[in-house]
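Below: the structure, in structure tokens.
The values are calculated or read from the model by the stated rules, or taken from the named source; none is laboratory data. Everything quoted here is computed from the prediction, not taken from an experiment. A quick note on method: Cβ atoms are made from the backbone with ideal geometry, for glycine too, and the neighbour counts reach across all protein chains shown. Side chains are part of the model used for accessible areas, which takes the heavy atoms of the whole protein and leaves out ligands, DNA and RNA. Shrake-Rupley method; radii C 1.70, N 1.55, O 1.52, S 1.80 Å.
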Amino acid sequence: MPGNSFCDSPDYQKKRIAMVKNQVEARGVADKNVLIAMAKVFRHLFVPEKLREFAYDDRPLPIGMGATISQPYIVAFMTELLELSPYDRVLEIGTGSGYQAAVISKTALEVVSFERIKELIPVSQENLKNSGINNVRVFLGDGTNIPEKFGHFDAVIVTAASPDIPEYLFEFLNEGGRLVAPVGSLSYQELIKIKIEDGKPVLTHHGNVRFVPLIGCRGWKE
Ligand code: SAM
């Protein structure tokens, strides 16, 4: 919808600033680059038109095909855990609306994002285009089975619930690289972070979350 490109309003702006202050900063996200990214990306452009009035609410929202756009705080917290710097290459599994990738794109060099539902590919691409973002590449495919040709990344984020720690993704990480993923059952997961230090994965835990399932050859079965 070309008419919607870069569209903001004083009401959305007010809600977005309140979201960053009350939902994100107040809960402890302190990385200034992440806070600025959350303020810069127009979240209302990433939710279905009929849900736009709720875009800045403190909750996930449905985006169709059984997928969701995550709660703003979770997007910010996971981005902070990635410890991004401006020259980082980032891999995302689970493009969904493209919002998480858009936030990351403001604090990194480029994002490669995989989505398994083909109907969501043009939606996320359109959302990113309408947001003026051109350093995110979206691919259709099973993010649990990515070809080696995509190279190495400084950070990997999984935005769907994995049954196990996704060790198959370690090989995509550079030395010092970070991986953040929700790991657990279908109804409840722990947010884990792996950092590659001296060639070895170091695991830390970051609280409980609830995501839609990671479905694929190394995820949950359909
Ligand atoms: N990051 C998204 C956003 O900002 O809107 C939210 C992601 S939504 C919670 C999870 C997404 O992961 C869904 O769109 C789902 O189709 C996708 N997904 C699940 N399993 C996948 C897989 N194996 N490969 C790629 N995408 C997958």
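Could you please find all residues in the stretch 171-213 being among the basic types (Lys, Arg), open to solvent by 70 Å² or more (accessible area, probe 1.4 Å) and more than 19 Å from Gln100 (Cα to Cα)? Break it down into steps so the answer makes sense when it comes.
Step one: filter the stretch 171-213 for residues among the basic types (Lys, Arg), giving 178, 193, 195, 200, 210.
Add one more test, that the residue is open to solvent by 70 Å² or more (accessible area, probe 1.4 Å), and what stays is 200, 210.
Lys200 - this is the single residue of the stretch 171-213 that is among the basic types (Lys, Arg), open to solvent by 70 Å² or more (accessible area, probe 1.4 Å) and more than 19 Å from Gln100 (Cα to Cα).
Identify the residue in the stretch 147-168 that is within 13 Å of the ligand (Cβ to nearest atom) and under 21 Å from Tyr99 (Cβ atoms) and, among all such residues, is surrounded by the most Cβ atoms within 10 Å (Cβ to Cβ).
Per the stated criteria, the residue is Thr159.
How many of the residues making up the stretch 16-43 are crowded, with 21+ Cβ neighbours inside 10 Å and within 19 Å of Leu128 (Cα to Cα)?
Qualifying residue count, the stretch 16-43: 7.
Just checking, does the stretch 84-92 include any residue being among the acidic types (Asp, Glu) and within 16 Å of His152 (Cα to Cα)? Don't jump to the end; show me each part of the working.
In the first step, residues of the stretch 84-92 are kept if they are among the acidic types (Asp, Glu); the result is 88, 92.
With the extra rule that they be within 16 Å of His152 (Cα to Cα), the set shrinks to 88, 92.
Checking the stretch 84-92: at least one residue is among the acidic types (Asp, Glu) and within 16 Å of His152 (Cα to Cα).
Residue by residue through the stretch 73-82, note down the ones that are near the ligand (Cβ under 10 Å from one of its atoms) and more than 16 Å from Ser105 (Cβ to Cβ).
So in the stretch 73-82, the residues near the ligand (Cβ under 10 Å from one of its atoms) come out as 74-75, 78.
Across the stretch 73-82, the qualifying residue is only Ile74.
Which of the helices (runs of 4 or more DSSP H) found entirely inside the stretch 6-100 contain at least 2 residues meeting this: among the hydroxyl-bearing types (Ser, Thr, Tyr) and modelled with pLDDT of 95 or more? Full working, then the answer.
Numbers: elements: 10-18, 32-40, 72-81.
In the stretch 6-100, 72-81 are the helices (runs of 4 or more DSSP H) which contain 2 or more residues that are among the hydroxyl-bearing types (Ser, Thr, Tyr) and modelled with pLDDT of 95 or more.
Within the stretch 83-131, work out how many residues are more than 10 Å from the ligand (Cβ to nearest atom), within 21 Å of Tyr73 (Cβ to Cβ) and surrounded by 19 or more Cβ atoms within 10 Å (Cβ to Cβ).
Matching residues across the stretch 83-131 total 8.
Taking the options Lys50, Lys32, name whichever one is within 28 Å of Glu175 (Cβ to Cβ) and away from the ligand (no atom under 15 Å from the Cβ).
Numbers: Lys50 fails: within 28 Å of Glu175 (Cβ to Cβ).
Just a single option satisfies the conditions, and that option is Lys32.
In this structure, is Arg52 over 20 Å from Pro182 (Cβ atoms) and surrounded by 20 or more Cβ atoms within 10 Å (Cβ to Cβ)?
Working: over 20 Å from Pro182 (Cβ atoms): yes; surrounded by 20 or more Cβ atoms within 10 Å (Cβ to Cβ): no.
When the stated conditions are applied, Arg52 does not pass them.
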